[in-house]
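Report on one structure; see the data block that follows.
The values are calculated or read from the model by the stated rules, or taken from the named source; none is laboratory data. Since this is a predicted model, take the numbers as computed values, not measurements. Cβ coordinates were reconstructed from backbone atoms using ideal geometry, including for glycine residues, and neighbour counts include every protein chain displayed.
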Amino acid sequence: MQLVLDKYGISLGLEDGMFKVQHKEGSRKIPVGKIKSIFLQRSASITTDAIFEAIENEIDITLINKFGMPIGKVWSHKYGSISTIRKNQVHFAGSSQGAQWVIQQLIKKLENQTALIIALGKPDDIHENLRNITMKKIEKYIDKLNDLKPAAISEVEKTLRGWEGTCSRAYFHCVNAHLPEQYQYAQRSQHPALDMFNAMLNYTYGILYSKIEAALVTAGIDPYTGIMHRDEYNKPVLVYDAIEGFRVWADFVIIDLCMQQVIFQEFFDREGQVFLLNTSGKKIVIQSFNDYMEEIITIKGMARSRNEHINLFAKGLASSLKKLKP
């Protein structure tokens, strides 16, 4: 499970070999073995005993802002053969292999988007027509991506960003048309979010970013050495490249919550036009996403939880980097 500490004055300590969460409403103890990751917002505190216990048990600690985006981490020193992989990462980032890897992540993202659009299905001609138009547009760009054979990402970076943006706008327009009216949005808004849907989606993307970064670091990969997202100072840019094929998992959970109509205005705080999930809203979103990520699915003949498939993805990339001949 993920332990999220986002209430004002909440603290995490260690007592009798268990994590102890304390706040004004009371306290509870949680076995260390049940925790996979810890998220702390600015208002929370943690003792050094709890930090050491987390490190010894390879539980990553993530500091998040009010939007749920990771801004810092505490890692175990045990992770990966980083120095060996880093040498090859630099070469990989500027090579044709690196460019093809990025293209494959984008193809996977677009294929997942078309699959989700099919799953949206409403039995009426208007929505069916929109779905068909959207899928044809995205499939056209999948074909374009498959035809690309660049020697380096720099040759096609602007083109890829343009194609990705076009597909993203079409995809979210189609998604929006299928949502119940109270969750529909004027446009995709990131930070800050200007509506309920985008606030939930952005927060869930933040959790997903953290999962992918943890998987990369555990596998011995430097998340700060990116390929297409290589020039953003002091950011884990490889995570932005690697997340593309997994974004649809966050999309599905939030779309499903909207379709069930279990999220309401009272689950958000408002700062002018900005929507922020409050504690009650975060509880629903986090639990829904965690449950979904623990479901067993089969990818490439392997039945694993979605969380474990992310770890396998990172290990596979690490293995490829180790074998790379600069």
Exercise. Which number in (1) on the phi < 0 side of the Ramachandran plot; (2) outside the structural domain of residue 286 (by TED's automatic domain parsing) marks the one condition that residue 58 misses?
Worked result: (1)
For this session: Pull up region 14-26, narrow it to residues that are over 30 Å from the mean Cα position of the chain (by Cα) and in a strand (DSSP E or B), then point me to the one that is farthest from residue 41 (Cα to Cα).
Result: 15
Problem set entry | Verdict on residue 206 being in contact with a strand residue (DSSP E or B) (Cβ under 8 Å, 6 or more places away or on another chain) and either more than 30 Å from residue 1 (Cβ to Cβ) or in contact (Cβ under 8 Å) with a residue 40 or more places away in the chain (or both) | yes
Exercise. From the list 71, 85, which residue is outside any strand (DSSP E or B) and not hydroxyl-bearing (Ser, Thr, Tyr)?
Worked result: 85
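To keep it simple, each residue is scored yes or no on (1) within 30 Å of residue 199 (Cα to Cα); (2) touching a residue at least 12 places away in the same chain (Cβ under 8 Å).
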site: 281; (1), (2): yes, yes
site: 285; (1), (2): yes, yes
site: 288; (1), (2): yes, yes
site: 291; (1), (2): yes, no
site: 300; (1), (2): no, no
site: 305; (1), (2): yes, yes
site: 313; (1), (2): yes, yes
site: 316; (1), (2): no, no
Exercise. In this structure, is residue 231 surrounded by fewer than 22 Cβ atoms within 10 Å (Cβ to Cβ) and either at pLDDT 90 or above or not assigned by TED's automatic domain parsing to the domain that holds residue 315 (or both)?
Worked result: no
For this session: For residue 256, work out the one condition from (1) in contact (Cβ under 8 Å) with a residue 24 or more places away in the chain; (2) loosely packed, with under 14 Cβ neighbours inside 10 Å; (3) under 30 Å from residue 158 (Cβ atoms); (4) not β-branched (Val, Ile, Thr) it doesn't fulfil.
Result: (3)
Exercise. Which ones in region 73-90 are modelled with pLDDT of 85 or more and either assigned by TED's automatic domain parsing to the domain that holds residue 38 or among the hydroxyl-bearing types (Ser, Thr, Tyr) (or both)?
Worked result: none
Problem set entry | Unique residue being more than 14 Å from the chain's Cα centre (by Cα) and among the hydroxyl-bearing types (Ser, Thr, Tyr) when the list is 204, 225 | 225
Problem set entry | Test result for residue 247, under 22 Å from residue 306 (Cα atoms), surrounded by fewer than 22 Cβ atoms within 10 Å (Cβ to Cβ) and either basic (Lys, Arg) or outside the structural domain of residue 297 (by TED's automatic domain parsing) (or both) | yes
Exercise. Can you find even one residue in region 115-129 that is touching a helix residue (DSSP H, G or I) at 6+ places or on another chain (Cβ under 7 Å), part of a helix (DSSP H, G or I) and under 25 Å from residue 227 (Cα atoms)?
Worked result: no
Exercise. Which is within 17 Å of residue 215 (Cβ to Cβ) and out of contact with any strand residue (DSSP E or B) (no Cβ under 6 Å at 6 or more places or on another chain), of 83, 76, 43, 37?
Worked result: 76
Exercise. In the same structural domain as residue 280 (by TED's automatic domain parsing), in a helix (DSSP H, G or I) and modelled with pLDDT under 95: does that describe residue 211?
Worked result: yes
Exercise. What residue, among those in region 259-312 that are of a type in the set (Val, Ile, Thr) and assigned to a helix (DSSP H, G or I), is surrounded by the fewest Cβ atoms within 10 Å (Cβ to Cβ)?
Worked result: 279
For this session: Can you work out which of the residues in region 1-42 that are among the aromatic types (Phe, Trp, Tyr) and surrounded by 15 or more Cβ atoms within 10 Å (Cβ to Cβ) is nearest to residue 269 (Cα to Cα)?
Result: 39
For this session: Working only within region 43-66, note down all residues that are part of a loop (DSSP other than H, G, I, E, B) and either loosely packed, with under 12 Cβ neighbours inside 10 Å or touching a helix residue (DSSP H, G or I) at 6+ places or on another chain (Cβ under 7 Å) (or both).
Result: 57
